[in-house]
Every structure is written in structure tokens, then in C-alpha cells.
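Data block below; observations after.
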Amino acid sequence: MKSGWVTLVTVMLPAIAFAKAPVLLGKVADGGYVVPTKQLIRPAGQVLEIAGRPVDMVLSHDGRLIYVKNTSAVAVIDAASLKSQATLAYESGTASLHGIALSKDGRKLYVTTQNKILQAAVLPNGKISWKRGIVLPQPSIKGEPVACGIAISDDDKLAYVCLSRSNSLAVVDLLQGKLLAEIPVGVAPYDVVLSRDGQTAYVTNWGGRRAKSGERTAVSSGTDTLVDERGIANSGTVSVIDIKELKESSQVVTGLHPSGLVLGLDGKTLYVTNANLDTISVIDTLSLKVTDDILVRPVASLPFGSAPNALVLSKDGSRLYVANGGNNAIADITLADARHKKAKINGFIPTGWYPGAVATDGKNLFVVNVKGIGSRDKKPDVNGYSVYWTMGSINKAALPDAKMLKKYTAQVKSDAQIPQALRALEKAQIGKRPVPVPDRVGEPSTIEHVVYIIKENRTYDQIFGDMPRGNNDPSLCTFGSNVTPNHHALADQFVLLDNFYCNGVVSADGHQWVTQGYTTDYIEKEAGGWHRSYPYSGDDPMGFASSGFIWDNVLLHNLSFRNYGEMGVGTVEPKTASYSDIQNVYMHNASSVKLGSKYYVNELSRYSCPDFPGWNLAIPDMARTESFLREFKKYERKGTWPDFVTIYLPNDHTSGTAPGVPSPEGYLAANDYALGQIVEAISKSKFWSTTCIFVIEDDPQNGFDHVDGHRSICLVASPYTRRNAVVSEFYNQTSVLHTMELMLGLPPMNQLDASAPVMKECFTNTPDNRPYTCLPSIIPLEQMNPKLSQLSGPQLQMAKQTLSMRWDLPDKIDDDTLNRIIWHSVKGVDTAYPTSYAGAHGKGLKALNLSFSGDAEDDDD
């Protein structure tokens, strides 16, 4: 693959049967890519790879050019050759998650950003040049309005713009460049389309209608949003706007997360994609009633997970082409008419990873794929892949005939692992003997209790790079056995997994993957900048899948559940207590500090330990362990224990070299010791013989790894875990969920956990009940970073840079800078940072103004 902004690839589909998907992440020898979900990506037709996360596009009126909205620039692409003609970077800021349009005369291009409409002139050669930015009003909750979908009037005088955080439709005079009106609509408006006569605007409201007094709500980016008893947003609507009166005249109830919409050629029918329900709402614009809901899953019996989020009408108006983000495919649908009483799915066309926009010129489909081929944007002179180096894509495919569509459909089902998902739904067989991981849901397991320990932000090589039994690179090991002896001992005594991957990239999608086995369209579109919200701790119901969380699945099937800190924010009383204060209190069993946790998801709060703190790096993991062990001893005395337990140990995140907190090694050592104590206590309890413990990271935090930035650690400890084994099967975060579900007799929540590979290779049917003994910490648990007065040179500069970072929320710092600080803190200032694997992604050394003798210069820094 060539470096740079775009790369053109042509994918030819073989006539022979498709080979089984490979088990390694990345490029496949015979074409395509395996992404962290283990889906195989092989788009139909030609493919143009685009660095970044493209989210929207528009075709020129003559069909010759494609304008693609990417995170930091607009790409101009020749539609015939699918080659890049030009790129135009935004003068400031980044693009919003949706919204690009051409004027009716084709001479002006409009792109929405967080707070502006950017207007570009379209030159005769098709290239574009910025002319102005029209600033949009700030919402009453402050911050940016996050402008999304945009529609232009037929006379090119007015623009109608969805303001997501303002919950309004802005009407903008394009000649004067000023706001004419702001019309209140529903929650989080996403897209807008005008009626044929220009008198009505239709707006999709991602979060549905406004809440009434007394209704159950949760806050989404400053707005009270309707939620169900699980805390998941449960309303979706389309606002109907009277343009003459400049007011909303009605709202039509749709499915969840109504996103893309298109008006039928007769102007009497509106089609709306419901991304969080897998349906298309068909709305009669005269009666304003939904006349049909079209299910767009590849097989109707599949669970939720297709994520239809964009659509386009065929030129004759008889078909819809729908972007199914979860299936990496376009659904080809014949619409109902006088001959066809019901809409019919004809088949599916393969795309890149997570298609998010689709267009047609009548002969071809053009698809923008938000995640493209995954984190595979190859940098010059770099051997590895950062999880942030997303390579989106566009694919162009000729509209297929029936024969080709049949082949495409078979490929889509195979590549999206639909057969595996269907097998996960098979009925249990009677008379099966108990085994650790049953074949089917409902068959007996030897496991009665599952413990799910979730940590923060490490790659495989950072922890296990010093373990020669696995696929390792010792030069990348930062926190080896001298820092994390319990992680290493657990991997040695039980099973070492050296081909395990995080599905996500950062905490906002990472915690959704580990608790839902899925990320919504909201998360995928937001990931380009996180300007609307950053829902790592359950603080935005728009980030939650309609299929729910793993604990919802547990409770729905009458099993018991206890949570310790996951999706919580840790609290401390008194607020002035420092890390050292809290550590001293818990090391000496005092009670002068009170710890707790705030939960945004009420259902989770009900089942959570009140004094176990969630995210808060100022709280030692040892304090969390003490809280867990206190309750655990009570369960032992009672002789009962919940079926499913989640435990959050976040401090392997570290806080750099800021004074007053542990050093990076100190944080990891304490995290390691806390983990060892928990595993020891469980393994020496009366529950051990029927318990399995899973330990994973929520995301890899842009860490370096010689295989891939998504590769991370997973520990599996139980009497039935294989001892002293190395397992190199492809597993991921959804594999853990799928395996736990089978142990507990739970059906899969959605298509992604249903299709995930089950971790059977980790287990044996013969138990070994030997307990685990926690190893003492080699690094002193009280090892703190030095005071500024004790530092000089690069160490002082690193400490000052760390102090300037924000640590109260995850991922509010530049990961590349933090990783460099951690590296040099542990390895020394003269040890070269592994740019050949980590590259120069973020602010790096130049932002720090450091000049370490061991570091090479990087132009991208």
C-alpha cells in the first residue's frame, strides 16, 4: 500500500467459492482485510482508500465527481476512474459527523463543521476553493452546536441545517451569510430533506421527541433524553417543518436512531433508516403515518446489529440501496408498488468496514466506508500500525444483475460471519454433559460464576513482550515481569493468548465493545472528533445499543449480577484527599476517607457496590480491591455469590510523571498487585471450582505492538483453563462476551457477539483446582513520581507537560505524548522511542520541546 492520503485498489471477486477467513488481523494474501471484529473486508468493484474517517459524500449533478467529507478535509474524486483529483483541508476545526451538499447550480459546495457552514466555490475543473464560513449560533447549553445534515433550497438562497446539540433546525440566508431562524425540533437532529415543492422540511431526530415532565430520562450532551429502564435511548422521530411558518407542525414516530432519509420520486413517501433497530420506516407524507417497517438484516432471524444508517433511491424510484454498517454491505431493496405489495430485499453488495454514505449515478453505486479497512494507514518507514491510523475508503460497484447480486450476497454473508451468528442461535441439545464452554446456549456448563475484570489501555507487547513463549517483541516491553509479576504468572500458570485484539480504539468505544459487544452508529460517526460527547462512562444514552449491555442479558434471564466500578466515576470524601492520603488510609485500615462512585446508568447503579470507585486515577486500585474483598468475604459467609460479576481496575492507564501520583511503573505495579489479590481470593474460596475469571483491557490507547496496535492482553483463570498453554487462535473482546454467555446460558445480544469466535481452545474438561497465590510487588507500591524540585532537563519537561494534561476524564490527553513520556520514564531518556512501530502520531517530542539523543526525528510529529 502506498503512503499518503489516498490509495486506489481494484478488488476482483473470484468466480470460485470464497476461502475461509484467515485468523490474523490485517491484509489477506488472496485479497481483502480482516478487521478486529474478525469480519473480512472485500468491497465490490474499485476501492479508493482514504486516510481518516470519511462520513459523508455528495455526487456532482453531472455525476463526474464525488465530494467526500472526511475528518480534516474534503476530497474531490473522479467518479469514472475513482482517483483523487484534489483535497481541501478545513481552514480551522474538524468536520461534524454528517452533512455535505451542493447548490442546485452546482457551483457551490457546503460542508458542516462543529459551528459553521463552510462554503467552497466549485471551479470549472471540479476542484474547490474555500470562500467563507458562516458561523452558526451557540446552543443555550454553551459549547458548539455540532451542525449535521444540510439541505439547500431550489433557488440556492437558503440552507436548512440540523444543529445536533441545539436540538434545532437553522435556516440560513446564504446570500447574506446570516441566520434567519432557528426552529426547535426533537433531540439530536441528524439529517434533513426538503419536499418537492420546498414548503416542508423533514428532519430525523436521533434521540426522538423531547421528554415530558416526570418521564424517565438521561442526559445526552446537555439534553434530557428519553430512555428505557436499562438507560438506553428509546425514542426516534421525524420532525415535519412548515417552512412558511418556520415552525414544527408534527412529529412522526420511527424506530431508534433515525438517521439517513430520502423522499420518493412522487414526493408522497419518505424512507428513513433506523440504525439502532435494523429497520427502514416508510412514511406517508400526506397522512404522516408509518405504513411499513422494512427489516434489513441479511437473515430475518438474526439478532440486532445491521445498523442501517444511510440510503439512496434508484434513479427510477423503484429501489432503495441501504448502507448496513454492521454487515459491511449495501442492502438492495425493491420497494412496494402496485405490483409489489411489500418491499423485498433482493440481496446485498459488499462494501468496506462500516458503510456510512451511499450514492448512485444510475449505473454504479458509490459507498463511503467510515472505517474502510481498519487501522491500516501505513506510514513511511514504520513497521507497525497505530489504532488511530484509520484508513477509510470509497468503493464503486456497477449495479449488479440478479446473477451477480446472488454471488455478492453469498460473499456478504460469509465475510460478515452470518453463518457463525446463525449457529449461535441453534437450540440446545438434550442430554449433553456439562463442559466449561457448551456448544449451544442452554446446554450445561461446569461454570456457574463468571468474573469479568476490565482494565485500561495496554497492548500485548507493552506487558507480555518479554514472554518468549508467545509472539513477542522484547524491545517493546515496557511493563514486564519486574513490574507486572501477577499478569505474567497468570499467563504462565494458565493460558497465554498472543492473538487477542481489542475491537475498539479508545475508551468511548472500548467500554461499549466490552459491555455491549457492539458500537452504535452514533459512536462510529462521532469517533472522528468526539465533539458532541465522549460516552466512556455511560453518560450518553445515544451511545448504547438497543440490544443492551451484558448485565441486561444476565438480569433478563433471571441470573444475579454485581458490579464493581465499571461505567462509574469514582468519588472521594474529603475531596482534598490525595492519592497518598487514600493509599495510607487503606494500607493501615483506617476510615477517614470515604470512597464511592457515580453512575449515569440507573439500572447499573442499582446493582453496584456503593463504596467501590469507578474511574478516578487519584484512587489506588488497592482501595478498589479492599472494597471488593470486603463484600466477597460476606458472600463467602452466606455461601452464595452472584452469577456474573464485573470489576473495574483502571489504573494501568497511568498519569505520566506528574508529581504527587505514582510513577508509571508504580501505577502498573499496584494494578498488578490488586489483580493478583482478587484472583487469589477467588481461587481460594468455596466458589473456585465453578468460577471462571476473564481479564481484558478496554482499549489499547494507541500503544505500540509489533503485530498491530489493536493487539492486547486477555487472561483466563479457572479450574478448567488449560495450564501452561499458549493459544494463538484469533480472539477479541466480543469473543470474551460470547464465551461468557455460553457459560451462563445466555443468548447472544447482537450479531457481533453471536458471530465472534468462542474461546474453547482455552479450556479443558478436566479441572485443576489448584489455587493461585498472589505474588508480591517488586516495584514499591508507594513509588511516587519525584517533585519538580528534584528534576531537571528532559525529566522536568516531561513532568511539566504531564501537569498540563487533563486526567479527570479518560483520553483527554494526547496518547502519543503520554506514551513517549511513559517510555522514557521507564526506559530512560536516552533509549530510542520505538517509532518504527508506534510512529509519530500525535504531538510527540516536538510539542514537548524535548530532544532525546535516542529519538529519531519524525516529519509527521
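Scanning the range 83-95 for residues that are in contact (Cβ under 8 Å) with a residue 60 or more places away in the chain and either over 16 Å from Val146 (Cα atoms) or in contact with a His (Cβ under 7 Å, 6 or more places away or on another chain) (or both) yields Lys83, Ser84, Thr87. A count restricted to the range 175-207 and to residues that are out of contact with any Asp or Glu (no Cβ under 7 Å at 6 or more places or on another chain), on the phi < 0 side of the Ramachandran plot, open to solvent by less than 30 Å² (accessible area, probe 1.4 Å) and in a loop (DSSP other than H, G, I, E, B) stands at 5. Applying the selection to the range 137-152, what residues are surrounded by fewer than 24 Cβ atoms within 10 Å (Cβ to Cβ) and over 13 Å from Leu109 (Cα atoms)? Pro137, Gln138, Pro139, Ser140, Ile141, Lys142, Gly143, Glu144 - these are the residues of the range 137-152 that are surrounded by fewer than 24 Cβ atoms within 10 Å (Cβ to Cβ) and over 13 Å from Leu109 (Cα atoms).
Could you tell me which numbered condition Val514 fails, if it satisfies all but one of (1) modelled with pLDDT of 95 or more; (2) over 19 Å from Phe694 (Cβ atoms); (3) in a helix (DSSP H, G or I); (4) not small (Gly, Ala, Ser)? Checking Val514 against (1) modelled with pLDDT of 95 or more; (2) over 19 Å from Phe694 (Cβ atoms); (3) in a helix (DSSP H, G or I); (4) not small (Gly, Ala, Ser), the one that fails is (2).
Scanning the range 276-295 for residues that are under 23 Å from Gly317 (Cβ atoms) and either surrounded by 22 or more Cβ atoms within 10 Å (Cβ to Cβ) or touching a helix residue (DSSP H, G or I) at 6+ places or on another chain (Cβ under 6 Å) (or both) turns up Thr279, Ile280, Ser281, Ile283, Ile294. Evaluating Ala233 against the criteria (1) closer than 30 Å to Asn327 by Cβ; (2) of a type in the set (Gly, Ala, Ser); (3) open to solvent by 20 Å² or more (accessible area, probe 1.4 Å) leaves one unmet condition, (3).
Restricting Leu48, Leu59, Leu109 to those that are touching a residue at least 40 places away in the same chain (Cβ under 8 Å) and in contact with an Asp or Glu (Cβ under 8 Å, 6 or more places away or on another chain) reduces the list to Leu59. Within the range 359-397, the only residue that satisfies the criterion of being closer than 20 Å to Ile330 by Cα, β-branched (Val, Ile, Thr) and in a loop (DSSP other than H, G, I, E, B) is Ile373.
Looking only at residues of the range 433-446 that are within 30 Å of the chain's Cα centre (by Cα) and β-branched (Val, Ile, Thr), we find that the one that is farthest from Thr625 (Cα to Cα) is Val441. Taking the range 519-635 as the region of interest, the helices (runs of 4 or more DSSP H) fully inside it that hold 3 or more residues being of a type outside the set (A, V, I, L, M) and either open to solvent by 10 Å² or more (accessible area, probe 1.4 Å) or more than 28 Å from Pro189 (Cα to Cα) (or both) are 550-556, 579-587, 602-606. Filtering the range 656-666 to residues that are in a helix (DSSP H, G or I) and open to solvent by less than 10 Å² (accessible area, probe 1.4 Å) leaves Pro664, Gly666. Figure legend. Inter-residue proximity from the range 426-444: first residues under 12 Å from Leu742 (Cα atoms) and free of Cβ contacts under 8 Å to residues at least 12 places away in the same chain, second residues part of a loop (DSSP other than H, G, I, E, B) and not charged (D, E, K, R), beta-carbon distance below 6 Å, spacing 6+ or different chains. No pairs are indicated.
Only a single criterion out of (1) modelled with pLDDT of 95 or more; (2) surrounded by fewer than 21 Cβ atoms within 10 Å (Cβ to Cβ); (3) not in a helix (DSSP H, G or I) is not satisfied by Glu761, namely (3).
Among the residues making up the range 667-710, those that are of a type in the set (Ser, Thr, Tyr) and either open to solvent by 10 Å² or more (accessible area, probe 1.4 Å) or not in a helix (DSSP H, G or I) (or both) are Tyr673, Ser685, Ser689, Thr690, Thr691.
Of everything listed in (1) touching a residue at least 40 places away in the same chain (Cβ under 8 Å); (2) open to solvent by 40 Å² or more (accessible area, probe 1.4 Å); (3) touching an Asp or Glu at 6+ places or on another chain (Cβ under 8 Å), the single unmet condition for Asn383 is (3).
Residues of the range 475-502 that are surrounded by fewer than 20 Cβ atoms within 10 Å (Cβ to Cβ) and under 24 Å from Asp816 (Cβ atoms): Ser475, Gly480.
Filtered by the rule that a residue be in contact (Cβ under 8 Å) with a residue 60 or more places away in the chain and of a type in the set (S, T, N, Q), the range 62-73 gives Asn70, Thr71. The set of residues from the range 427-474 being surrounded by fewer than 15 Cβ atoms within 10 Å (Cβ to Cβ) and either of a type in the set (S, T, N, Q) or under 22 Å from Asn563 (Cβ atoms) (or both) comprises just one member, Gln429. Of all residues in the range 33-54, those satisfying the criterion of being open to solvent by 10 Å² or more (accessible area, probe 1.4 Å) and of a type in the set (A, V, I, L, M) are Leu40, Ala51. I'm trying to understand the selection: among the residues of the range 138-154, which are in a loop (DSSP other than H, G, I, E, B), in contact (Cβ under 8 Å) with a residue 40 or more places away in the chain and on the phi < 0 side of the Ramachandran plot? Pro139, Ile141, Glu144, Ser153, Asp154 - these are the residues of the range 138-154 that are in a loop (DSSP other than H, G, I, E, B), in contact (Cβ under 8 Å) with a residue 40 or more places away in the chain and on the phi < 0 side of the Ramachandran plot. When the range 781-798 is examined, which residues are found to be within 36 Å of the chain's Cα centre (by Cα) and either farther than 24 Å from Asp672 by Cα or in a loop (DSSP other than H, G, I, E, B) (or both)? Leu781, Glu782, Gln783, Asn785, Pro794, Gln795, Leu796, Gln797, Met798 - these are the residues of the range 781-798 that are within 36 Å of the chain's Cα centre (by Cα) and either farther than 24 Å from Asp672 by Cα or in a loop (DSSP other than H, G, I, E, B) (or both). Counting only residues that are of a type in the set (Lys, Arg), in a loop (DSSP other than H, G, I, E, B) and within 16 Å of Asn732 (Cα to Cα), the range 430-471 holds 1 of them.
Scanning the range 155-185 for residues being without any contact (Cβ under 8 Å) to a residue 60 or more places away in the chain and either touching a Phe, Trp or Tyr at 6+ places or on another chain (Cβ under 6 Å) or of a type in the set (Gly, Ala, Ser) (or both) gives a total of 5.
When the range 90-112 is filtered for residues that are at pLDDT below 95 and not in a loop (DSSP other than H, G, I, E, B), the ones remaining, listed by number, are Ala95, Ser96, Leu97.
Take the residues in the range 636-655 that are touching a residue at least 12 places away in the same chain (Cβ under 8 Å) and assigned to a helix (DSSP H, G or I); name whichever of them is surrounded by the most Cβ atoms within 10 Å (Cβ to Cβ). Result: Asn651. Within the range 296-310, the set of residues being out of contact with any Leu (no Cβ under 8 Å at 6 or more places or on another chain) and crowded, with 16+ Cβ neighbours inside 10 Å comprises Val296, Arg297, Pro298, Ser306, Ala307, Pro308, Asn309, Ala310. Would you check if Leu59 is open to solvent by 10 Å² or more (accessible area, probe 1.4 Å), of a type in the set (A, V, I, L, M, F, W, C) and modelled with pLDDT of 95 or more? Yes: the conditions hold for Leu59.
The values are calculated or read from the model by the stated rules, or taken from the named source; none is laboratory data. This structure is a prediction, so every number in the text was calculated from the model and none was measured. Note that we place each Cβ from the backbone using ideal geometry, even for glycine, and neighbour counts take in every protein chain shown. When the accessible area is computed, the model is the full protein with side chains, heavy atoms only, and any ligands, DNA or RNA have been set aside. Shrake-Rupley method; radii C 1.70, N 1.55, O 1.52, S 1.80 Å.
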